[in-house]
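The values are calculated or read from the model by the stated rules, or taken from the named source; none is laboratory data. What you see is a predicted model, and the numbers here were worked out from it, not measured in a lab. With ideal geometry, Cβ positions are generated from the backbone for all residues, glycine too; neighbour counts draw on all protein chains shown. The accessibility values were calculated without ligands, DNA or RNA, using every heavy atom of the protein model including side chains. Shrake-Rupley method; radii C 1.70, N 1.55, O 1.52, S 1.80 Å.
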Amino acid sequence: MSEPSEAAARFVRALASLVLHEGDASAHAHEAHAALQEVLATQKSLVLDVQFTGFSQKGHLVGGVDPLVLRASGHLITLRLNRVGFTPDASVEDLETFGSIVSRSSVELGVAGAIGALVLAQPHGLYASTGAGDVYKPPTRTPAAPAPSAEPAPSPPESAAPAAEAAAETPGTSDGEAPAATPAPGGPGMPWDEEMESTELAEFEFIDDVAELSGAPAAEAGQPNAPSSFARAGDTAGREEPPSSDMYHFFRTTDHSDQQAEALPRLLHEASTVTRFDELADSAARTALTLLKTDAHGQAIELLDALIREAERPDRTRFFRESALQALRRAGTTATLQRLLDQLPYAGADRDRILRFFVFLGADALLMLEGLLYRGGDPELRASIFRALLGVEGTADRLISHAVQDPNPVRTRTLLELASGGGTDPEIARRWAGEAAAHRDAAVRVDAARTSAAQGGRGALRILVDLLNDPERLVRREAIAGLGTLGESAAVPFLARLLNESDEELQAAAAASLGRIGSGDALPALLGVVQKRSLLQLKKATRGKVAALHAIAKIDTPAAREALASISQGRDELAEEARRILATAG
C-alpha cells in the first residue's frame, strides 16, 4: 500500500482539533469532511490505528509528528480507543458528533466510555474500537425508495393481495409510502457491504449477535436492541475463548472463578505490554464490581488495592499508571462506594485498604467518607477515617472550614475532639482551634480553648488571650484555666488584669492560673489582692484573696516566701490561712 496522501494528513489534523476541542468545532468538522472526501475518492474507507506516536494507516504514520496530533492520539488512548474508521457515509454532523463525544474525559463519559456514548448518539459513517474489544459500528441507513417507473406496475396476483394489504398496514407507513426495509446480507445498502473482507473495515472484525455486555448504556436504559452496535472485536466463530477482558471469561469459562480472580493481581504485576495490561486492568475492575455484589468483599478489595499499587508503581511508565487509574475510576461508581462504605464498620483488616481506595479516588469519595466521620458511632472507625482524610493534601483546612460554617456545632466539636485525641499534627489542631474560636456556639469556643491549651505553643497563647474577652463567662473561665495549663510567663500581664474582676469566681480562677505559672512577675499583682482592705471586709478572707494567697505560696522566690511569712504574722483570717499553708509546706 502506498503512503497516506496529503488529504489524509489534513483529515487527521482536523480530526485532532475535534478530539482536543480546540477552536470552532463546526469549522473543523467541515475541514475534516472535505479532506475525507478526497481520501475516499480513491479508496473505500479510511482506518486509523491510534498509537502513542500518532495515527497510522497500515503501518504508515499519518499527519507526521505534529504536537496537536500527538496530544489527540494520547487523549484517545486514555479513552481506551485504539482504532477509528471512516466511510463516505460520514457527514459533517457525524464528524462533529464524534468530536463532541471523544473530547470528553473518561470521568465525564462514565463506565460505558466513548463506545457507550457513540451507541447512544449513533453517528453514521464511522467506526471505533477499544483495546478491551468493544466496538461501535453505525446503524445501517435505510436505502432510498426506487424511483417510480414510467409504466404502471402490473397488478399483483390475488394471492399477493393480502400481503400487500399487510404491508400497507405496517406501522410507520402511510399514503403509499414504502415501509423501511433492512437490506439483505450482500445486497444493496452500505458502501462497504460489498466484498467486506477486502476493505480495511474488516479489521474491526464485526459480529452482529452478541450477548448483552455489562456497562453498555443501552442495558441501563432498557433498550434491548441497542447492544447490537456495541460488540466485542475478535469474537469470531473460530475463536476458542472470549477475550481476557470479558467478564464471561472469568466467571463462565471454568469452574474456578475464585482462582481466576486471585490470579489477577499477579498477572497485572507481570504484564509487560500496555495492551495486555489494559485488558487485565479492565478485567480487574469488572471482576471487583461483580464480587462486591456477592459476599466476596475481600477478593474485590484485593483487586482494587492491586490496581492502586499498579497506579502508584514508580517503575511503570505513565501509560501503565494511567490505565490502572482509569480502571479504578470505572470501578469507583457511586454504588461501589456505598457498598464499601457500608462494609467499613465490619471490614477488620481490610478497613485501611478500603480507606485507601476512597482516598485514591478523591473528590466525591472523600465527601462520602467525611459524612461517615460525623455519623459513625465507633470511635476506632472514626479515628481511622480521620487519619485517612488528614493524609490528603488540603483536606484538613477544608474540613474545618466547612464545619465552622455550619450553625450546628456537632461537626466542629467532633473535629476538635479528634484533633485532641493524639496522633494529630499539633499545628493542625492549633489551626482548627483558632477557626473554632470564632464559632457562634459558646460550647464550640469552650472546646477551642481546651484544644489550644492541650496543644500549647505561641499560637495557643494568642487564641486563649483573645478568648479572655469573650462575652460568655464560661468561655472566659476556660480561657483563664487554659493559660494556666500553658504555663507561659507571657500570659502573666493578661491574667493579672483579671485580678480586679468584680466576679470573684473569675478573679479566683485568674489567681489560680498565675500560681500554676509560678512566675515572680505575678507577685506584685497577687499581693495587691491580698492586702486590699475595705470597711466591710476588714478581717474576712474572700475567695479571691485566698486564691491569691495560695498562688503566692506556689511562687518559688525569696520575695514570695517572705511575703507569705509576713502575712502569717497577722490576726485575721488570711493570717490563719497563711499559717496553714506554711505548716503544710513545712
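Please go through the stretch 106-128 and pick out each residue that is of a type outside the set (V, I, T) and assigned to a helix (DSSP H, G or I). S106, E108, L109, G113, A114, G116, A117, L118, L120, A121 - these are the residues of the stretch 106-128 that are of a type outside the set (V, I, T) and assigned to a helix (DSSP H, G or I).
When T542 is tested against (1) modelled with pLDDT under 90; (2) more than 25 Å from R477 (Cβ to Cβ); (3) of a type in the set (S, T, N, Q), only condition (2) is not met.
Okay, residues lined up against (1) more than 24 Å from the chain's Cα centre (by Cα); (2) modelled with pLDDT of 85 or more:
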| site | (1), (2) |
| --- | --- |
| R351 | no, yes |
| F357 | no, yes |
| R375 | no, no |
| D378 | yes, no |
| G391 | no, yes |
| H402 | no, no |
| E427 | yes, no |
| R431 | yes, yes |
| E435 | yes, yes |
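Within the stretch 392-424, the residues that satisfy the criterion of being open to solvent by less than 40 Å² (accessible area, probe 1.4 Å) and among the polar types (S, T, N, Q) are T395, T412, T414, T424. For the stretch 403-418, filtering for residues that are touching a helix residue (DSSP H, G or I) at 6+ places or on another chain (Cβ under 6 Å) and not in a helix (DSSP H, G or I) leaves 1. Across the stretch 327-337, a minimum of one residue is classified as more than 18 Å from L369 (Cβ to Cβ) and touching a Gly at 6+ places or on another chain (Cβ under 9 Å).
Restricting I354, I301 to residues that are of a type in the set (V, I, T), touching a Lys or Arg at 6+ places or on another chain (Cβ under 7 Å) and at negative phi narrows the list to I301.
For the stretch 441-456, name all the residues that are in contact with a Pro (Cβ under 7 Å, 6 or more places away or on another chain) and modelled with pLDDT under 90. Matches in the stretch 441-456: Q455 only. Residues in the stretch 365-394 that are under 24 Å from R445 (Cβ atoms) and of a type in the set (S, T, N, Q): none.
Could you please let me know if A114 is without any contact (Cβ under 8 Å) to a residue 60 or more places away in the chain and open to solvent by 50 Å² or more (accessible area, probe 1.4 Å)? Criteria not met by A114. Of all residues in the stretch 409-420, those that are under 15 Å from R398 (Cα atoms) have Cβ atoms under 6 Å from Cβ atoms of residues that are open to solvent by 30 Å² or more (accessible area, probe 1.4 Å), 6 or more apart or on another chain, in R411/Y374; T412/V404; T414/Y374.
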